[in-house]
Amino acid sequence: VTAVESLADLKLIVDDPKGAVPVGTNCEYMIRVVNRGTKAAEHVNVVAYFSEGIEPLSAQGWRADIDSGQVVFESIRRLGPGQEMVFKVTAQAERSGNHVLRAELECSEPETRLATEEWTRFYGQAAQIEQLPERSVSNALLGSQPAPPQRLEIRR
C-alpha cells in the first residue's frame, strides 16, 4: 500500500527596478507568489514594507490597502497547485540613497512564513547639508574655544 500526500509549496519572489532610479520618478516592483506544490494553499497573506525615504503610490493585481510605508494585500483565500499571483506596486523615493522593499508572506495552510528583500539605489535631489566653516570645526574639536552655534539647513 502506498500513501500519497499532497503539499502546497509556496515561493515568494520580488523583482525590483533594474539599475539606479532617479528620485521623484515612479518605479515598479513586482511581487510574485507561486504555488509549486500539488495541493492548494489556503489563506495566503502578503505585505510589502518600504524603508524610510520611499513611499508606495499604488498597487495592482489584487485588492490592497496602501498606508505610509506599506501595502497590505487582501488575503488570498486559495492558491491552487501550479497557480501564480503577480502584484505590481508603484513607489516613489523622496530622497537619494539605498531603499528597501521587504515582502512578507504568511499562510495558514500549510503553515508558511516567507520574506525577501530587495535594495534599490535612488539618485539625485539628495538632501544637502551646508558645511561648517573649517575654523569652527577645528576649534570645537581642539577645545581651544567653544564653537559658535551653527545653523544647519537641509535642502530638497
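The values are calculated or read from the model by the stated rules, or taken from the named source; none is laboratory data. It should be emphasised that the depicted structure is a prediction, and the values quoted were computed from it without experimental measurement. Using ideal geometry, Cβ is built from the backbone for each residue, glycine included, and neighbour counts are taken over all protein chains shown. Surface areas here come from the heavy atoms of the whole protein model, side chains and all, with no ligands, DNA or RNA. Shrake-Rupley method; radii C 1.70, N 1.55, O 1.52, S 1.80 Å.
Per residue, the solvent-accessible area of segment 1-125 (1.4 Å probe, heavy atoms of protein chains only, all protein chains present) comes to 56 Å².
Karplus-derived 3J(HN,Hα) values for segment 112-118, using 6.51 cos²θ - 1.76 cosθ + 1.60 with θ = phi - 60°, are 9, 9, 10, 8, 8, 10, 10 Hz; glycine and proline are entered as x.
Placing a label point 7 Å from the Cα of TRP119 along the Cα-to-Cβ direction, the residues of segment 74-100 whose backbone N falls under 14 Å of that point are 97-100.
In order along segment 31-48, the Karplus-derived 3J(HN,Hα) couplings, from 6.51 cos²θ - 1.76 cosθ + 1.60 at θ = phi - 60°, round to 10, 10, 10, 10, 9, 8, x, 10, 10, 5, 9, 10, 6, 8, 10, 10, 10, 10 Hz, and Gly and Pro are given as x. Straight-line cross-link reach from LYS18 at under 16 Å between alpha-carbon atoms covers these aspartates and glutamates, not counting any fewer than eight positions away in the same chain: GLU28, GLU117, GLU118.
LYS39: which lysines have alpha carbons under 16 Å from its alpha carbon, excluding same-chain residues fewer than 8 sequence positions away? The reachable lysines, counting only those whose Cα sits under 16 Å from LYS39, are LYS11. Amide H contacts of GLU109: GLU42, each under 5 Å away and 5 or more positions distant or on a separate chain (H built 1.01 Å from N in the peptide plane; Pro and chain starts excluded). Surface calculation, 1.4 Å probe, protein heavy atoms: HIS43 sits at approximately 90 Å² accessible. Set the Cα radius of gyration of segment 1-110 against 2.2 N^0.38 Å, with N its number of residues, and you get 1.22. For PHE122, the residues 5 or more places off, or on other chains, whose built amide H falls under 5 Å of its own are VAL21, GLY97, ASN98, HIS99.
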